[in-house]
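Taken together, the values in this text are just the output of simple stated rules run on the coordinates, not laboratory data. Small disclaimer: the values here were computed from a predicted structure and weren't measured. Reconstructed Cβ throughout: ideal geometry from the backbone, glycine too, with neighbour counts over all protein chains shown.
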Amino acid sequence: MTAPSVPDQAKQVVSVSRRRVVRPAASAPAANRPETGKETLAVEALRAELRAVFERLDVYLADQARHQVAAPPAVALVDRFKGLPALISVARAAAILGLSRATAYRLAEAGELPVERMGGRVYIVTDRLRGAVGGGA
């Protein structure tokens, strides 16, 4: 049995960073090169196919630009503080603001939430909290 012959092109395949790259031989004999007429026809066919793909892509993108959805209409903001008493507990303010109770107490202690102290308890002033977070008039 004879060893299978390896085509010249297979000898030219080089592994570069997990990709296989085919490098043309610098001095390949004319017999191994494809015919210029066939090569030219293949290249022209590929170019024509690429042009057609790009034309379809241009049409698609133009169509998408025409059908682009406008921004949704502004939704009226709900006043989260409507109907609340003048002073609320820190836990209730935390629930309204979407914070944990511990975080709300930490912010109150740091002076970042408007607080009033009465009889050892800490309350949040609703009107000042509304102004601080921009919750409406």
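Can you classify the range 87-133 as rounded, prolate or oblate using the Cα gyration tensor, where a ≥ b ≥ c are the square roots of its eigenvalues, rounded means a/c under 1.5, and otherwise it's prolate if a/b beats b/c and oblate if not? Mind dumping the intermediate values first?
Values: a/c = 1.40, a/b = 1.11, b/c = 1.26.
Note, shape of the range 87-133 comes out rounded.
Can you give the local net charge around residue 87? Use residues other than it whose beta-carbon is closer than 11 angstrom to its beta-carbon, Lys and Arg +1, Asp and Glu -1.
Values: positive: 92, 117, 121, 128; negative: 116, 127.
Local net charge: +2.
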Fully extended contour minus Cα-Cα distance, from residue 68 to residue 38, at 0.36 nm per residue: 6.3 nm
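Counting Lys and Arg as +1 and Asp and Glu as -1, what is the net charge of the other residues whose Cβ lies under 15 Å from the Cβ of residue 105?
On the way: positive: 92, 101, 106, 117, 121; negative: 109, 112, 116.
Net charge around residue 105: +2.
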